[in-house]
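The values are calculated or read from the model by the stated rules, or taken from the named source; none is laboratory data. Small disclaimer: the values here were computed from a predicted structure and weren't measured. Positions of Cβ are backbone-derived with ideal geometry, glycine not excepted, and every protein chain shown enters the neighbour counts.
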């Protein structure tokens, strides 16, 4: 953790509500990615056109996120894709407003229209399956602002390869993560899956995501921070040049 920015404490406040979420994203961008500017968001006019086209009012949390940093692809779209206002759409049968796609089209994230009147509604996810009759919306995170915190954290793991790495762990590697990093105050998710949970950790200036033991993704503030983690967790790191 850095002297300038206590990621763990800021995140703990950030998961409590919309204001905390945006404060966390501002601070995380400032210290880990690049500061937000006044031109990083879409305009009210952009959102108004989208709402007229869709025939629905966008939830307050979605509007606030788009206005604050919706154009910052390095925060939202290094891997998966946050849709622009003119790309937002209602899923077939009109059951959900879709705002994010998996990078190969394997899944979509959205808000159920039954919940869209809320300021900070729950987010759902649906896999793109060969058998379309088996597709259904499943719980992802309980609040839209929380989902945007997750987006910014997850997309930071897919930035510069010098700062990011990936490990297919064995049981010992997962135990090493738990020994050498502290768990972050972020709820395990997806909310709709009882058997598979994603969890976040923080090492010495290294952010880690444990995908329920199937993968460990890491992002260091510096190359040296990431190398230090690799030394603590020796294994077949995908991007390790050493």
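Take the conditions (1) under 17 Å from the mean Cα position of the chain (by Cα); (2) at pLDDT below 95; residue 198 misses just one of them, which is (2). Evaluation of residue 224 against the conditions (1) part of a loop (DSSP other than H, G, I, E, B); (2) within 18 Å of residue 162 (Cα to Cα) shows that the sole unmet condition is (1). Taking region 227-242 as the range and being assigned to a loop (DSSP other than H, G, I, E, B), touching a helix residue (DSSP H, G or I) at 6+ places or on another chain (Cβ under 6 Å) and within 19 Å of residue 175 (Cα to Cα) as the test, the residues that pass are 233, 235, 237. Would you say residue 90 is in the same structural domain as residue 144 (by TED's automatic domain parsing) and within 20 Å of residue 189 (Cβ to Cβ)? For residue 90, the condition - in the same structural domain as residue 144 (by TED's automatic domain parsing) and within 20 Å of residue 189 (Cβ to Cβ) - is not met. Residues that are touching a residue at least 24 places away in the same chain (Cβ under 8 Å) and over 11 Å from residue 50 (Cα atoms) within region 83-98 comprise 90, 91, 95, 96, 97, listed in sequence order.
So which of 52, 44, 87 ends up being surrounded by fewer than 20 Cβ atoms within 10 Å (Cβ to Cβ), more than 13 Å from the chain's Cα centre (by Cα), within 18 Å of residue 155 (Cβ to Cβ) and at pLDDT 95 or above? Selected residue: 87, the only one of 52, 44, 87 that is surrounded by fewer than 20 Cβ atoms within 10 Å (Cβ to Cβ), more than 13 Å from the chain's Cα centre (by Cα), within 18 Å of residue 155 (Cβ to Cβ) and at pLDDT 95 or above.
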